[in-house]
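The values are calculated or read from the model by the stated rules, or taken from the named source; none is laboratory data. Just so you know, these numbers come straight off a predicted model, no measurement behind them. So basically every Cβ, Gly included, is an ideal-geometry build from the backbone, and we count neighbours across all protein chains shown.
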Amino acid sequence: MTTLQIEPVPCLRDNYAWLAFDRDENVCAVVDPSEAAPVRRALHAHGLLLTHILNTHHHPDHVGGNLELHREFGAEIVGPGKDRARIPGISTGVVEGDRYSVGSHSAVVLEIPAHTRGHIAFWFEKDAAVFTGDTLFAMGCGRLFEGDPPTMWSSLSKLLTLPDSTRVYCGHEYTEANGRFALTVEPSNPDLNSRMAEVRAIRKEGRPTLPSNIGIEKKTNPFLRVSSPEIRRSLGMPGASDVDVFAATRRRKDSFQG
């Protein structure tokens, strides 16, 4: 089996859709197409036909291209079964533990709610890739629009169990902004400082900072590093529970002006 090739498709202001394809098998999925036109251009540029549409959650900037792409290509639309009423054109609803295949490439479905109540991830284990939508970002996590801190911490903890080599494909180019916040709560983290230098150089060249991987996120993402003594000192919470530290970090990020 060949490895699934994955390419970014910049959409809207700072969104990414992702093309995941295998030329040998003539299969191509797009993950979270916010709009159809950039996806269509990317398909043409790569000489691909769309066979699958995978949605992590219902927000318009992740499903806005569903119906137009389905009409043009007949691609199957797959999304969270517990939120199928809000996924335009959905034909296959999936839940925790289900497997869904793009050709011979099999993804395990992980339910990771809190940003939305039905949010899911697609983990292609053998391809060492996970599509996390707006739950886990590079050096960040999503806002808690339809969940609470314990729910989001549980979702992030589930992603933390994936192998360190698993590449993280998320929905937005937020890495540099997230890193600026991370430095306010853990400024002495050498891995974080090194990563931010790399991210700034990448963005100066106009290139995507993604994918990240789980190993890098464990070292640099403050929302995953709730046991860090420095983060706990920054928050004044040395003896607090992990979920309380996470909640305080999320609240501080919500008001961060950086």
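Being of a type in the set (Asp, Glu) and touching a Ser or Thr at 6+ places or on another chain (Cβ under 6 Å), is that true of even one residue in the range 82-101? For the range 82-101, residues of a type in the set (Asp, Glu) and touching a Ser or Thr at 6+ places or on another chain (Cβ under 6 Å): absent.
For the range 227-234, the criterion of being closer than 15 Å to MET139 by Cα and basic (Lys, Arg) is satisfied by no residue at all. Among the conditions (1) in contact with an Asp or Glu (Cβ under 8 Å, 6 or more places away or on another chain); (2) part of a helix (DSSP H, G or I), GLU72 misses just one, which is (1). With SER227, SER188, SER155, SER194 as the choices, which residue is of a type in the set (Gly, Ala, Ser), in the same structural domain as ALA114 (by TED's automatic domain parsing) and out of contact with any Leu (no Cβ under 6 Å at 6 or more places or on another chain)? None of the others qualify; the one that does is SER155. Against the numbered list (1) surrounded by fewer than 23 Cβ atoms within 10 Å (Cβ to Cβ); (2) not in a loop (DSSP other than H, G, I, E, B), ALA20 comes up short only at (1). Looking at the structure I just gave you, is ALA29 in the same structural domain as VAL109 (by TED's automatic domain parsing), closer than 17 Å to ILE120 by Cβ and not β-branched (Val, Ile, Thr)? Taking the combined requirement at face value, the residue satisfies it. Selection of first residues in the range 41-70 that are without any contact (Cβ under 8 Å) to a residue 60 or more places away in the chain and of second residues that are in a helix (DSSP H, G or I) and among the basic types (Lys, Arg), restricted to Cβ pairs under 8 Å at least 6 apart or on distinct chains, gives the following pairs, ordered by first then second residue: LEU48/ARG23; LEU69/ARG40. Within the range 97-145, restricting attention to residues that are surrounded by fewer than 21 Cβ atoms within 10 Å (Cβ to Cβ) and among the hydroxyl-bearing types (Ser, Thr, Tyr), the residue that is farthest from TRP18 (Cα to Cα) is SER104. Checking the structure you have, find out if any residue of the range 218-229 is of a type in the set (Ser, Thr, Tyr), under 23 Å from PRO60 (Cα atoms) and buried (at least 17 other Cβ atoms within 10 Å of the Cβ). Checked the range 218-229: no residue is of a type in the set (Ser, Thr, Tyr), under 23 Å from PRO60 (Cα atoms) and buried (at least 17 other Cβ atoms within 10 Å of the Cβ). For the range 35-62, give me the residue count where each residue is buried (at least 23 other Cβ atoms within 10 Å of the Cβ) and not in a helix (DSSP H, G or I). Summing the residues that are buried (at least 23 other Cβ atoms within 10 Å of the Cβ) and not in a helix (DSSP H, G or I) in the range 35-62 gives 6.
In the range 63-76, the residue that is farthest from the chain's Cα centre (by Cα) out of those that are over 16 Å from GLY133 (Cα atoms) and surrounded by 17 or more Cβ atoms within 10 Å (Cβ to Cβ) is PHE73.
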